[in-house]
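**Q** The structure is given below, and queries will be raised subsequently.
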Amino acid sequence: MTNINSKEVLAKLLATENIDIQHNNVNTASFDVKNRVLTLPLWEDMKDFTYDHLVGHEVGHAIWTDGNKWLDEVKEHGKNFQSFLNVVEDARIEKLIQRKYPGLRSPFIKSYKKMLADGFFGKNQDEINTYKLIDRLNVLFKCGQTVGVKIADDEKHWVDKMSSIETFDQAISLAHELFEKAKAEHQEERQNQEEMRQEMMASN
């Protein structure tokens, strides 16, 4: 049984600030970068390593995610862009928090292994490998190289880019690159579908 009070103290110590902590019936943990509120879920039978992982992840946002820049980017570029920024920023802050507190590495590994087995990222590896690049990168950086996420040769430079980012500005820049790539691919898919539709109509 997780001792919630002790974990709240842990979160504040890791964050090095007196952040507000709430426990609610929510699907996952989150950190309000503007109001400095860390919200943690009330999952049944939550393992200590899962709690430590969630705390460590959100504290990473508390320390390194620039709340004002985050809100400005989302306001200007929308919710779709936010999902790209979230994936890239998650990879950055998880690297930084485990570098700052090496003791968190084991809880992160155990927690993501359990989440993967529980179907949090998809029902199986075959399904995950059908995902768009941004979602495969998300699974790769959270669950590790050994889980078998397929990255094509012409996509591997994106892995290198995500691995190398250190600052929030770099995360924003990379998120824009990935977002623009996804928009271009979506437009190309729509164009190809329209061309196929026109060909089918012409052949009838």
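**Q** Given a Förster radius of 41 Å and the C-beta distance between residue 147 and residue 201 as r, what FRET efficiency does 1/(1 + (r/R0)^6) yield to the nearest 0.05?
**A** E between residue 147 and residue 201, to the nearest 0.05, is 0.40.
**Q** Mean residue ellipticity at 222 nm from the helices of the chain, using -39,500 (n - 2.57) per DSSP H segment of n ≥ 4 over the full residue count, to the nearest 500 deg cm²/dmol?
**A** Helices in the chain give a 222 nm mean residue ellipticity of -22500 deg cm²/dmol.
**Q** Which FRET efficiency value, to the nearest 0.05, do you get for residue 185 and residue 160 by plugging their Cβ-Cβ distance into 1/(1 + (r/R0)^6) with R0 = 22 Å?
**A** 0.65
**Q** So how do 82-93, 184-195 stack up, highest first, on mean other-Cβ count within 10 Å?
**A** 82-93, 184-195
**Q** What distance in nm separates the two pseudo spin-label positions at residue 33 and residue 69, each 7 Å out from Cα along the beta-carbon direction?
**A** 0.8 nm
**Q** A further question on this structure: Taking Cα pairs under 8 Å and at least six residues apart, what relative contact order does the chain come out at, in percent?
**A** 18 percent
**Q** Residue 132 versus residue 20, label points 7 Å from Cα toward the beta carbon: distance in nm?
**A** 3.4 nm
**Q** I would also like to ask the following. May I have the extent of the alpha carbons of segment 67-204 along their three principal axes, as whole Å values ordered from largest to smallest?
**A** Taking the Cα atoms of segment 67-204, the three principal extents are 66, 36, 25 Å.
**Q** How much area per residue is accessible in segment 80-120 when the probe is 1.4 Å and only protein heavy atoms are counted (Å²)?
**A** Numbers: 1980 Å² over 41 residues.
Dividing the accessible area of segment 80-120 by its residue count gives 48 Å².
**Q** Kindly express, to the nearest 10 degrees and within the range 0 to 90, the angle between helix 67-100's C-alpha long axis and the longest C-alpha principal axis of the chain.
**A** 50 degrees
**Q** Follow-up. Counting only protein heavy atoms, what percent of the accessible surface of the chain is carbon or sulfur at a 1.4 Å probe?
**A** 49 percent
**Q** Using alpha carbons only, how many degrees (0 to 90, rounded to 10) separate the axis of helix 4-15 from the longest principal axis of the chain?
**A** 70 degrees
**Q** Over the Cα atoms of segment 130-189, how large are the radius of gyration and the largest Cα-Cα distance (Dmax), in Å?
**A** 11.9, 33
**Q** Mind listing the Cα extents of segment 1-121 along all three principal axes, in Å, largest one first?
**A** Taking the Cα atoms of segment 1-121, the three principal extents are 43, 34, 30 Å.
**Q** Which of 69/161; 132/183; 132/161; 95/123; 12/47; 75/181 have a Cα-Cα distance over 23 Å?
**A** 95/123
The values are calculated or read from the model by the stated rules, or taken from the named source; none is laboratory data. Small disclaimer: the values here were computed from a predicted structure and weren't measured. We place every Cβ from the backbone using ideal geometry, glycine too, and count neighbours over all the protein chains shown. All accessible areas refer to the heavy atoms of the entire protein, side chains included, with ligands and DNA or RNA removed. Shrake-Rupley method; radii C 1.70, N 1.55, O 1.52, S 1.80 Å.
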